[in-house]
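Beneath this line is the structure, given in structure tokens, with notes to follow.
Bear in mind these aren't lab numbers, they're just calculated from the coordinates by the rules spelled out. Since this is a predicted model, take the numbers as computed values, not measurements. Glycine gets a Cβ as well: all are built from the backbone with ideal geometry, and neighbour counts include every protein chain shown.
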């Protein structure tokens, strides 16, 4: 292949470049077409990547706390339901209301139900509070102030996202009054 060299102000006719000139020219052209990254571009890209990683890690930490709180809430709910079922298993006459104080239900005279206790489940401490109060029906002179018993089970716990509480309430009715009222 023949290449013509044009120099300003002179024309010597067609010329062929020496082979070492072709190689040098080819290297210069390759460097002109080569696109690299400057130090500033690398610093900007690294900074953006670092910001993205920090944002993703904080999002991951927040979602981890949310999942842990949801797990603790589910555990507390299971615990409350279990406690309610255990108390409802007692005969109505054995569930004692003592001036609205915490529950003093007992299956027999030797095994009272503890009104407040702390349980540790999977490294989280849950405080269980059981309360029984009288529920009333009606108002005025015809009110029945001791128509049924109201069972409240509260569960308290603390985790990375703060203090939490769930509360379950249920009415306990004597089976005789339900049967007399037409219930089964």
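Can you put 151, 48, 39 in order, fewest other beta carbons within 10 Å first?
39, 48, 151
What nm distance separates the two modelled labels at residue 142 and residue 93, each placed 7 Å from Cα along Cα→Cβ?
3.0 nm
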